[in-house]
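Chemist: Please read through the structure below; I'll follow up with questions.
The values are calculated or read from the model by the stated rules, or taken from the named source; none is laboratory data. Not measured: the values here are computed from a predicted model. FYI the Cβ positions are ideal-geometry reconstructions off the backbone, even for glycines, and counts take in every protein chain you see. Surface areas here come from the heavy atoms of the whole protein model, side chains and all, with no ligands, DNA or RNA. Shrake-Rupley method; radii C 1.70, N 1.55, O 1.52, S 1.80 Å.
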Amino acid sequence: MFLVLGRTIKESGINFWRNGWLSIASVSVLTLSLYVVGAMMVMMMVSGTVLTNVEKRINVSVYFKPDVSENTIMAAKADLESYSEVKSAQYISKEQALADFKKNNAGEPVILQSLDEIGGNPLLASLVVRANDSSQYQNITEYIAKASFKDDVSRVNYVKNKEIIDRLNNIIKQSRKVGVSLALVFAAVAVLIIFNTIRITLYIHKPEIEVMRLVGASNMFIRLPFLFEGVIYGIVSSLVATLFLLISMKLADSYVSVAVLSKSLLSFYFSQALFILGIQLLAGIFLGVFSSWIAMRKYLKI
Amino acid sequence: MKKVNEKEIELATEEGLGSMEREIFPILKFDHVTKAFKGDAAALADLDFEIQAGEFVTLVGHSGAGKSTLLKLIYAEETATEGEVYFNGEPLSQIKKRKLPYHRRKIGMVFQDFKLLPKKTVFENVAYALEACGVHTDEIMEDVPQILDIVGLGDKLQKFPHQLSGGEQQKVVLARALIHKPLMIVADEPTGNLDPQSSAEIIDLLLKVNNLGTTIVLASHDRDIVDRAARRVIVLEKGKIICDDAKSKYRIC
């Protein structure tokens, strides 16, 4: 078995090498499609991370009227926490809010001065509500609007964030669509070109195939070198695609803000490199083998 | 080879221990075989004959008489439209596509146009037949020079086909056909491209191989060749057997 495998791999390696330009054409188109696949995966992962990072900062703040007692607010907190979509509801008292405000504006003497002039504490007590899922904020605000404590609520701030999230979600969805269709188009072109390459290889090897049949070579022994040629296309292409991916990420690194991603693009890629390379290898080998298989079904008479 | 041994043993026990000579049983049997190609008249019509193990049969006929088609039926390149071809007792129409290579390994094939691989040396061309069947390298290194020695090319292992004469190339083909130790050699006009001297050598080699026990089916339209072999002659004309003569000179009956 290993003997046959060894001879087969040797044979397909020679084919790959001797076909020169044909191999380059096949590999470059397959590389392109795998590059798009890889780039899309990186983009999806990055956008996913960005989205969760943004989502972590999203909350609904429910501000209560100044005369509402702390007990009423605690009851509202319990009420909200019992709602299944709510992850947490954090109570921020007037004093806490003032302290936070002062801290945030420590470098702004004008603001602090005006605060002093007003006298007392103008800030409202609030509940900071976080949802399990960002799409649930809409429901939560609706819930608050109908809740038993609705008359005690001064205002709810959510609308601003909603727009940002929606837009982000939309962009991600759109670019995912574009990426998928690009990858599919390139994959189709790659299949056609590999198909053609294997067809020509079959034609070149016609006398050899005939002799193999005559001396009683098993069908698999005749087929395997051509299948392996497809495998080689897949492997070489995914390695080249990874190289290009690394280069382009190195170039794009400076444009992507470290703040949203919390680390650089390259280091983000390296944390996922094996997974992405694995997917690329699988896709590449599948496309290569698939193309040579249909070429053989059509042109190799055994 | 195993099948033959079993059969030989069977026959030997049936007839007692006295018969140590080569047993006779039909290695090839055409049972009312008709082969028709689409739209044409039958290429072969109702062929019914047997070839015994160890025989040397010459197939004679004009081009287009159906010689090549008959040979193709033997190595299952074509299948019979009607009737059945039995090889070594096995009906060929029952062989699955996957098992076809194993059938072909029992038959050595020789062609007019050699079908050697030009980029491989003499040694490699013969070794290739074994490699393709997954034989171990040690065995290849041992068997190939031996068989090339038998056909008289022991000193030309590293030559390429184009460095050899036609006769020598055909000897390489014969070596390749013999390397599997086949039950039968099927030769389709093996001397068609050769001068009389080389042709005679090839036929002598085939006779030698036959003497060692391998069945030979030889198709030819060359009178000298058939005369030289001087064995059983089957004459085909327009897809029919018009003459089957046990020991004859070339003649159209």
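Chemist: To the nearest 10 degrees, how steep is helix A:21-57 against the longest Cα principal axis of chain A, on a 0 to 90 scale?
Modeler: With both axes taken from Cα atoms, the answer is about 10 degrees.
Chemist: By a straight-distance test (C-alpha under 16 Å), which aspartates and glutamates pair with A:K150 as possible cross-link partners, with residues fewer than eight away in the same chain excluded?
Modeler: A:D67, A:E70, A:D79, A:E81, A:E142
Chemist: Still on this model: How do B:H221, B:H162 rank by accessible surface area computed with a 1.4 Å probe, from largest to smallest?
Modeler: Result of the area sort, largest leading: B:H162, B:H221.
Chemist: Given a Förster distance of 45 angstrom, what is the FRET efficiency for A:Q90 paired with A:V189, based on the Cβ-Cβ distance and rounded to 0.05? Walk me through the numbers before you get to the answer.
Modeler: Working: r = 54 Å, r/R0 = 1.20.
Plugging the Cβ-Cβ distance into 1/(1 + (r/R0)^6) gives 0.25.
Chemist: Can you pick out the pairs among A:K301/B:K159; B:K119/B:K240; A:K10/B:K208; A:K10/B:K99 whose Cα atoms lie more than 29 Å from each other?
Modeler: A:K301/B:K159; B:K119/B:K240; A:K10/B:K208
Chemist: Further question: Mind checking the per residue accessible area of chain A for me, 1.4 Å probe, whole number of Å²? Each step should come with its number before you reach the end.
Modeler: On the way: 16750 Å² over 302 residues.
I get 55 Å² per residue for this part.
Chemist: What relative contact order, as a whole-number percentage, does the range B:124-253 give when Cα pairs under 8 Å and 6 or more residues apart are counted? Present the calculation step by step, with values, prior to reporting the outcome.
Modeler: Working: 141 pairs, mean separation 23.0, N = 130.
It rounds to 18 percent for the range B:124-253.
Chemist: Within 10 Å of each Cβ in peptide A:203-214, how many partner chain Cβ atoms are there on average? Round it to a whole number, please. Walk me through the numbers on the way to the answer.
Modeler: Working: counts 0, 0, 1, 0, 5, 6, 0, 3, 12, 7, 7, 15.
For this peptide, the per-residue mean of nearby foreign Cβ atoms is 5.
Chemist: For the range A:156-302, what is the largest minus smallest coordinate of the Cα atoms on each principal axis, given in angstrom and ordered from greatest to least?
Modeler: 83, 27, 21
Chemist: Further, regarding this structure: Counting only the heavy atoms of the protein chains, how much of A:D166 is accessible to a 1.4 Å probe, in Å² to the nearest 10?
Modeler: 80
Chemist: Still on this structure: Rounded to the nearest 20 debye, what is the charge dipole size of the protein assembly as shown about its Cα centre when +1 sits on each Lys and Arg Cβ and -1 on each Asp and Glu Cβ?
Modeler: 1200
Chemist: Still on this structure, please answer the following. Using a simple spin-label model with points 7 Å from Cα along the Cα→Cβ vector, what separation in nm is obtained for B:F49 and A:K173?
Modeler: 7.9
Chemist: Let me ask you something else. Any idea what angle helix A:70-82 forms with the longest principal axis of chain A, computed on alpha-carbon atoms, 0 to 90 degrees, nearest 10?
Modeler: 20
Chemist: Where does the charge balance sit around B:L117 when Lys and Arg score +1, Asp and Glu -1, over other residues with C-beta under 11 Å from its C-beta?
Modeler: That sum, taken over residues with Cβ under 11 Å, equals +1.
Chemist: Enter the accessible area of B:T79 (Å², nearest 10), with the probe set to 1.4 Å and all protein chains included.
Modeler: Spelled out: B:T79, probe radius 1.4 Å, area about 90 Å².
Chemist: Going by accessible area, probe 1.4 Å, with all protein chains left in place, what is the ranking of A:D116, B:D195, largest first?
Modeler: Largest accessible area first, the list is A:D116, B:D195.
Chemist: How many Å² of accessible surface get buried when B and A come together, counting both sides, probe radius 1.4 Å, rounded to the nearest 100?
Modeler: Values: alone 13250 and 17700 Å², together 29150 Å².
For B against A, buried area totals roughly 1800 Å².
Chemist: Check cross-link reach from A:K146 to the lysines: straight Cα distance under 27 Å, and skip same-chain residues fewer than eight apart.
Modeler: A:K56, A:K65, A:K77, A:K87, A:K94, A:K160, A:K162
Chemist: Still on this structure, please answer the following. Give the share of C-alpha pairs in each 10 angstrom bin for the protein assembly as shown, from 0 to the last occupied bin, in whole percents, shortest bins first.
Modeler: Percent of pairs per bin, in order: 3, 13, 16, 15, 11, 8, 7, 7, 6, 6, 5, 3, 1, 0.
Chemist: Roughly how many percent of the accessible protein surface of chain A is carbon and sulfur, given a 1.4 Å probe and a whole-percent answer?
Modeler: 64
Chemist: Along its principal axes, what span do the Cα atoms of chain B show, with the longest given first and each in whole Å?
Modeler: Dimensions of chain B along the principal axes of its Cα atoms: 47, 44, 38 Å.
Chemist: Report the residues of the range A:41-68 in range of a label on A:N121: point 7 Å along Cα→C-beta, backbone N strictly under 18 Å from it.
Modeler: A:62-68
Chemist: Same structure again: Probe 1.4 Å, all protein chains in place: accessible area of A:T49 in Å², nearest 10?
Modeler: 40
Chemist: Also, quick follow-up: Per Stokes-Einstein, at 4 °C and 1.567 mPa s, what whole-number D in µm² s⁻¹ belongs to chain A, with the Kirkwood radius over Cα pairs as the hydrodynamic radius?
Modeler: After rounding, the answer is 53 µm²/s.
Chemist: Would you work out the relative contact order for chain B, in percent, from Cα pairs under 8 angstrom that are 6 or more residues apart?
Modeler: 24
Chemist: Mind jotting down the distance between the C-alpha centroids of the range B:119-171 and the range A:170-219, whole Å?
Modeler: 35
Chemist: Over the range A:58-158, with a single point scatterer placed on each C-alpha, what log10 of the ratio I(q)/I(0) does the Debye formula yield at q = 0.11, 0.13, 0.23 1/Å?
Modeler: -0.37, -0.50, -1.15
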